Amino acid sequence: MRKFNIRKVLDGLTAVSAVASASSAAQQQQAGNRETEIQETLQSEHFQLCKTVRHGFPYQPSALAFDPVQKILAIGTQTGALRLFGRPGVECYCQHDSGAAVIQLQFLINEGALVSALADDTLHLWNLRQKRPAILHSLKFNRERITFCHLPFQSKWLYVGTERGNIHIVNVESFTLSGYVIMWNKAIELSSKSHPGPVVHISDNPMDEGKLLIGFESGTVVLWDLKSKKADYRYTHDEAIHSVAWHHEGKQFICSHSDGTLTIWNVKSPTKPFQTITPHGKQLKDGKKPEPCKPILKVEYKTTRSGEPFIILSGGLSYDTVGRRPCLTVMHGKSTAVLEMDYSIVDFLTLCETPYPNDFQEPYAVVVLLEKDLVLIDLAQNGYPIFENPYPLTIHESPVTCCEYFADCPVDLIPALYSVGARQKRQGYSKKEWPISGGNWGVITQSYSEIIITGHADGSIKFWDASAITLQVLYKLKTAKVFEKSRNKDERPNTDIVDEDPYAIQIISWCPESRMLCIAGVSAHVIIYRFSKQEVTTEVIPMLEVRLLYEINDVETPDGDQVPPVPTPGTGSNPQSIVPQSHPSTSSSSSDGLRDNVPCLKVKNSPLKQSPGYQIELVIQLVWVSGEPPQQITSLAINSAYGLVVFGNCNGIAMVDYLQKTVLLNLGTIELYGSNDPYRREPRSPRKTRQPSGGG
């Protein structure tokens, strides 16, 4: 290994600092001369920034649609964005120019087209049969607000319901209004004086496309005959309606209501519902009506040839389930499964074997669009396991706090990371293939490998293969597992640096050739990792504690006393050798009772099992100095050829030999700059009584 003299390095730094101001004018003059000599041929118009791809989960999702033939999923957002998903690796991003929220999406099934309805009362027809989807036609409603749309399978007529209760019919081919309007006052009883409310549902009878079922918010449902232009039946219920779904035979339909009930109606018996169900209501004695529950926001009714139908719904929980997570309920025969979700349910769709509404549906999966996630549930397996999501939607599972990009990596690096990452996959997923399998892959043009590394607020690090258009997660590392976890709120780490997320990653330094990894966290800690394909158990976690303090001579306290500078161990070129500790430091106090030499986090003192992949080489922590917490690390670099890591903050810089577990250099900022310090720092008294509240 090549040797070098640290004293010569310091001399060089001092020399550079001394001549910097003297040579600045000369350098500016020389630079001016060079500009006249060099003939630059590249101009600003030769360069153009272009967004090539967008990664992560759609922000504020609001609508969902699925083409059951082409196997394409569409998600709309509140910002007017449109995301299309097919087989793993097939994604597309589009944007409505208006930026208005997408309230509903409707595929023209197996035609490569999509209709979007926006909150600004416009309809757009998208052409998906080209490399970059584009809007073919648009239609603006000026006098009425759009509330619901329905496009029957293999039909050219789009039914548009409005807030006033009227229904307009749009010709999809010309994307113009047909002139046929179903007025609300003709749809309901003429003797009724009250307005039925906005249209919340439209669907055609699976056995007769000339019969249209219209649901109004107030609780009224109308079966309209398109040919005779009059209502065949009217169904009235006391509770507001949120959604309606047909049985495939067209003889029954089901409604979900605001009191947590489901009503099943026979088409030819409009006087009262055939059956009323309260899925989550407590059955009271003496035949009393069950207690009301939360609204059932959506219901779907899917049939099978070999068994009972599926009734799938969102919402409807009892009001006494305070704090319970959002749920999707699957009712199949006599069994009822309540599936808890991590986030609020925006929408869901049941995937079926056939696109024909008048045949047995044979549901096999449910797509659940959550506020911050996309979940697919396997209906064919016991326990309803979820499918493992192949899309890179989990990039913001924990907020991204730092990001690094590496190109032209060694050819064996991605396979090595994928090999160790494949062992991290969780168990319990469905064994079936991901059911959203449409689209085709594009041609990958770059011949070099690319890797993106993201650091997250929970202390995790993710390695992504960015060689293709989409990201693929290779490996995930949890840095927080080296530290003791608090059991209650009183024991949570208090660094006086950050109120939450004490393990958040701030800086990443990585050497792709040697595979050495170094990270700096928000709690003034540095962790060095070495890549290994073998599992190991570390009995004692190697740890160093470093004091970095910006020294100011003769600091004056608020009392007017002169305080001598606090000594910094390892100042200058004298190495500071610290034996790796088997136990984290406990609280210690200086002579005046201030917290001193205490790290912000506690390193585990028990053996640590480390799986193949990145394994801890050394943990370095900055410590409290005379009642002052350490400042956050602002710069970090690793040199695997010499086995060195260098880090610094506003107070100074330190160099560590991670092979020998030794501090080689520890300099305060004032020692680096001297009187030429370009930054003004306010003197801080070491006598200031500032104590951490816990977790020393």
(message) With the requirement that a residue be under 21 Å from the mean Cα position of the chain (by Cα) and crowded, with 18+ Cβ neighbours inside 10 Å, what does the stretch 374-393 give you?
(response) L374, V375, L376, I377, F387, Y391, P392, L393
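A quick yes/no check of all residues on (1) β-branched (V, I, T); (2) buried (at least 18 other Cβ atoms within 10 Å of the Cβ); (3) farther than 21 Å from M516 by Cα; (4) within 32 Å of the chain's Cα centre (by Cα):
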{"residue": "G627", "(1), (2), (3), (4)": "no, yes, yes, no"}
{"residue": "P630", "(1), (2), (3), (4)": "no, yes, yes, yes"}
{"residue": "T634", "(1), (2), (3), (4)": "yes, no, no, yes"}
{"residue": "A641", "(1), (2), (3), (4)": "no, no, no, no"}
{"residue": "N649", "(1), (2), (3), (4)": "no, yes, yes, yes"}
{"residue": "M655", "(1), (2), (3), (4)": "no, yes, no, no"}
{"residue": "L664", "(1), (2), (3), (4)": "no, yes, no, no"}
{"residue": "L667", "(1), (2), (3), (4)": "no, yes, yes, no"}
(message) Pairs needed: first member in the stretch 379-406, without any contact (Cβ under 8 Å) to a residue 40 or more places away in the chain; second member anywhere, open to solvent by 50 Å² or more (accessible area, probe 1.4 Å); C-beta distance under 8 Å; at least 6 residues apart or different chains.
(response) none
(message) For the stretch 169-201, give me each residue that is open to solvent by less than 30 Å² (accessible area, probe 1.4 Å) and over 28 Å from T271 (Cα atoms).
(response) I169, V170, N171, V172, F175
(request) Output yes when any residue across the stretch 359-371 is more than 20 Å from I469 (Cα to Cα), of a type in the set (A, V, I, L, M, F, W, C) and either in contact with a helix residue (DSSP H, G or I) (Cβ under 9 Å, 6 or more places away or on another chain) or surrounded by fewer than 18 Cβ atoms within 10 Å (Cβ to Cβ) (or both), and no when none is. (result) yes
(message) I need the full set of residues from the stretch 325-358 which are among the β-branched types (V, I, T), part of a strand (DSSP E or B) and open to solvent by less than 30 Å² (accessible area, probe 1.4 Å), in order please.
(response) T329, V330, T350
(message) Checking V322 against (1) modelled with pLDDT under 95; (2) open to solvent by 30 Å² or more (accessible area, probe 1.4 Å); (3) part of a strand (DSSP E or B), only one condition comes out false. Which one?
(response) (3)
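Quick check on my filter: what residues within the stretch 195-251 are outside any loop (DSSP other than H, G, I, E, B) and among the acidic types (D, E)? It would help to see each step written out before you state the result.
To start, the set of residues in the stretch 195-251 that are outside any loop (DSSP other than H, G, I, E, B) comprises 199-205, 208-216, 220-225, 230-236, 241-246.
Hits for the stretch 195-251 are D204, D208, E209, D225, D232.
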(request) Select from the stretch 476-521 the residues that are in a helix (DSSP H, G or I) and modelled with pLDDT under 90 and write down the one among them that is most open to solvent (accessible area, probe 1.4 Å). (result) K489
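If you scan the stretch 140-156, which residues turn out to be hydrophobic (A, V, I, L, M, F, W, C) and surrounded by 19 or more Cβ atoms within 10 Å (Cβ to Cβ)? Walk me through how you get there before you give the answer.
We begin by selecting, within the stretch 140-156, every residue hydrophobic (A, V, I, L, M, F, W, C); these are 141, 146, 148-149, 151, 153.
Within the stretch 140-156, I146, F148, C149, L151 meet the criteria.
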(message) Anything in the stretch 622-637 that is in contact with a Leu (Cβ under 7 Å, 6 or more places away or on another chain), at pLDDT below 90 and part of a strand (DSSP E or B)? List them, or say none.
(response) V625
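Within the stretch 447-456, identify whether any single residue is open to solvent by 10 Å² or more (accessible area, probe 1.4 Å), over 14 Å from P88 (Cβ atoms), under 17 Å from the mean Cα position of the chain (by Cα) and modelled with pLDDT of 90 or more, and answer yes or no. Write out each step before concluding.
Just the residues of the stretch 447-456 that are open to solvent by 10 Å² or more (accessible area, probe 1.4 Å), to begin with: 447-450, 452.
Next, only the ones that are over 14 Å from P88 (Cβ atoms) stay: 447-450, 452.
Among the residues that remain, those that are also under 17 Å from the mean Cα position of the chain (by Cα) are: 452.
After this cut, where a residue has to be modelled with pLDDT of 90 or more as well, the list is 452.
Among the residues of the stretch 447-456, at least one is open to solvent by 10 Å² or more (accessible area, probe 1.4 Å), over 14 Å from P88 (Cβ atoms), under 17 Å from the mean Cα position of the chain (by Cα) and modelled with pLDDT of 90 or more, which makes the answer yes.
Would it be correct to say that E545 is at pLDDT 50 or above, crowded, with 16+ Cβ neighbours inside 10 Å and part of a loop (DSSP other than H, G, I, E, B)?
Working: at pLDDT 50 or above: yes; crowded, with 16+ Cβ neighbours inside 10 Å: yes; part of a loop (DSSP other than H, G, I, E, B): no.
So E545 does not fit the description; no.
Filter the stretch 123-138 for residues that are buried (at least 18 other Cβ atoms within 10 Å of the Cβ) and out of contact with any Gly (no Cβ under 7 Å at 6 or more places or on another chain); which is farthest from I202 (Cα to Cα)?
Of the residues in the stretch 123-138, the ones buried (at least 18 other Cβ atoms within 10 Å of the Cβ) are 123-126, 128, 133.
The next check asks that each one be out of contact with any Gly (no Cβ under 7 Å at 6 or more places or on another chain); those that pass are 123-126, 133.
On the way: L123: 16, H124: 19, L125: 19, W126: 22, P133: 28 Å.
By that ranking, first place goes to P133.
The values are calculated or read from the model by the stated rules, or taken from the named source; none is laboratory data. This one's a predicted model, so the numbers in the text were calculated from it and none came from an experiment. As a convention, Cβ positions derive from the backbone with ideal geometry for all residues, glycine included, and neighbour counts pool all protein chains shown. Areas reflect the complete protein model, heavy atoms only, side chains present, ligands, DNA and RNA absent. Shrake-Rupley method; radii C 1.70, N 1.55, O 1.52, S 1.80 Å.
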